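Participant: My questions will all concern the structure given below.
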Amino acid sequence: MSTVKITSVVEKDREGDFLLKWEVSPDQEGDIDIYSSLTDSSLTSFTPLASKKITDQVLRVSPTGSGLREYFILRTSGVYSGVVANRIIEMNNIKNFRDIGGYFTTDNRQIKWGEIYRSANLSDATLYDQERIRRLNIKTVIDFRSERTAKKYPLLLHPSIRKIALPLSPMDAEKLDEQTKDAHFDRSDAIRYVQESYVDIVENHKEQFGEMFDVLTNDSNYPVLLTESLGKDGVGLASYFILYALGVPHSTLEEDYMLSNIEIDPAKAKIDARNLPEPMQEAVTAMLSVNRAYLNYVIDYINQKYGSMDNYLEKELRVTSGKKNLLCKYLLYQF
């Protein structure tokens with residue numbers, strides 16, 4: 001069995017080109033063959049694109065299709081990478097829009113790209129954003145925003161897209177605004193507040209998460225977009241539960257959760273903290289960010305109260321072994 005491993009990512013640069021980056025371990029000389037496709041439906045759709053030196057580590061690729069997605073596979077020493085695509089989908093006015101596909105499970109199966117996306121607020125979507133969502137063929141949007149926020153800021157989407165409201169109580173702008181009225185509220189308070197809010201979400205919104213899994217075990221609903229005001233708390237937990245149910249290891253789940261810090265700029269949030277005292281600014285930043293301490297706190301809570309994450313999913317969210325099998329059928333590559 002080969003010990004060679006190819007790790008690769010795809011990013012979009014400012015010119016709209018794809019930047020394909022790779023590392024091969026252990027370090028070695030030689031060439032790496034790159035294949036591309038506009039679809040990931042089968043391996044036969046991939047055709048040779050280029051052959052580069054392993055040590056080059058990067059290839060710029062001009063889009064040949066819509067410019068939204070392209071898929072790549074790399075090969076060296078008889079070993080193939082998984083399917084690689086850009087995780088971040090650039091939008092005009094929608095933050096934190098990304099694909100949760102591409103990750104590998106503990107038994108080395110790979111999650112399909114383009115089946116489940118996650119994002120922050122859709123209510124400010126421009127026509128350009130709406131067209132991009134349409135071109136991603138998204139059929140179902142699960143809206144985790146509170147009823148109050150959803151009523152105040154309706155979603156701007158093509159009428160053909162099904163909207164499902166599963167309101168949670170995440171860190172939306174109105175909650176943040178309430179906290180800043182306490183002059184003594186600091187970063188430590190903010191961290192504790194978010195941690196307890198996560199516990200509140202997993203304890204008091206089991207029905208919503210259970211309904212989400214009902215949606216995901218019906219293949220006619222795909223592709224699906226999970227959304228909320230910031231796309232980091234309720235959506236972060238929902239993504240964790242989905243990926244965990246598929247067998248993705250915790251280290252990778254933590255990585256996906258932490259990506260929100262790259263995609264959310266606290267300075268551009270609806271709440272303006274610039275004129276607040278420094279401790280309050282730090283508190284607002286803590287609430288507008290993700291932190292391993294938030295995620296691990298609620299995971300520890302679930303493990304202590306319910307015995308394990310598997311118990312919580314099965315007994316509280318109704319994620320049976322049958323549902324897990326359906327998720328694997330719909331969301332894992334079969335090649």
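The values are calculated or read from the model by the stated rules, or taken from the named source; none is laboratory data. Only a predicted model underlies this, so the values are computations on that prediction, with no experimental measurement involved. Note that we place each Cβ from the backbone using ideal geometry, even for glycine, and neighbour counts take in every protein chain shown. The accessibility values were calculated without ligands, DNA or RNA, using every heavy atom of the protein model including side chains. Shrake-Rupley method; radii C 1.70, N 1.55, O 1.52, S 1.80 Å.
Participant: Per DSSP H run of n ≥ 4, the term is -39500 (n - 2.57); total these for the chain, divide by its residue number, and report the mean residue ellipticity at 222 nm rounded to 500 deg cm²/dmol.
Facilitator: Details: 11 runs with 113 residues, N = 335.
So the helix-based figure for the chain works out to -10000 deg cm²/dmol.
Participant: Would you please state the base-10 log of I(q)/I(0) at q = 0.07, 0.12, 0.13 1/Å for the chain, with intensities from the Debye formula using one equal scatterer on every alpha carbon?
Facilitator: Scattering profile of the chain, log10 relative to I(0): -0.30, -0.89, -1.03.
Participant: Suppose a student asked you for the relative contact order of the stretch 1-100, using Cα pairs under 8 Å spaced at least 6 residues apart; what percent would you report? Mind showing how you got there, number by number?
Facilitator: Numbers: 187 pairs, mean separation 29.8, N = 100.
Relative contact order, the stretch 1-100: 30 percent.
Participant: Note down the accessible area of Thr149, probe 1.4 Å, to the nearest 10 Å².
Facilitator: Only protein atoms counted, so the area is about 10 Å².
Participant: Once you keep just the Cα pairs under 8 angstrom separated by 6 or more residues, what percentage relative contact order results for the chain? Provide the component values of the computation, followed by the final result.
Facilitator: Details: 563 pairs, mean separation 55.0, N = 335.
It comes to 16 percent, rounded to a whole number.
Participant: Could you check how much of the accessible area of the chain is carbon and sulfur, as a whole percent, using a 1.4 Å probe?
Facilitator: Working: 7520 of 15730 Å².
Exposed carbon and sulfur together represent 48 percent of the surface.
Participant: Something else now. Can you give the FRET efficiency for Asn92 and Asp17, using 1/(1 + (r/R0)^6), R0 = 25 Å, r = Cβ-Cβ distance, to the nearest 0.05? All intermediate terms of the calculation are to be shown ahead of the outcome.
Facilitator: Values: r = 19 Å, r/R0 = 0.76.
Once rounded, the FRET efficiency stands at 0.85.
Participant: Measuring from the lowest to the highest alpha carbon on each principal axis, how far does the stretch 288-335 reach, largest first, in angstroms?
Facilitator: 36, 26, 16
Participant: Quick one: among Asn96, Asn291, Asn121, which has the greatest mean-square fluctuation in a GNM of the chain with alpha-carbon springs under 10 angstrom?
Facilitator: Sorting by GNM fluctuation, first place goes to Asn291.
Participant: Per residue, how much accessible area does the chain have with a 1.4 Å probe, in Å²?
Facilitator: Numbers: 15730 Å² over 335 residues.
In whole numbers, the chain has 47 Å² accessible per residue.
Participant: Using only Cα atoms, locate the centre of the stretch 109-165 and the centre of the stretch 284-312, then give the distance between them in Å, rounded to an integer.
Facilitator: Each part's Cα centre sits 25 Å from the other's.
Participant: Relative contact order for the stretch 191-325: what percent, with Cα pairs under 8 Å and sequence separation of 6 or more?
Facilitator: Working: 88 pairs, mean separation 51.2, N = 135.
Dividing the mean separation by the residue count of the stretch 191-325 yields 38 percent.
Participant: Out of the GluC sites (Glu not before Pro) in the stretch 1-58, which ones are loop residues according to DSSP with at most 15 other C-beta atoms within 10 Å? Don't skip to the answer; put the middle values down first.
Facilitator: Values: sites: Glu11, Glu15, Glu23, Glu29; in loops: Glu15, Glu29.
Loop-located and lightly packed - Glu15, Glu29.
Participant: While we're here: Would you rank Arg148, Arg318 by solvent-accessible area, highest first, keeping every protein chain in place and using a 1.4 Å probe? Display every interim value, and only then the final one.
Facilitator: Working: Arg148 130, Arg318 90 Å².
Correct descending sequence by accessible area is Arg148, Arg318.
Participant: Not counting ligands, DNA or RNA, and with a 1.4 Å probe, what is Lys323's accessible surface area in Å² rounded to the nearest 10?
Facilitator: Accessible surface of Lys323 is approximately 30 Å².
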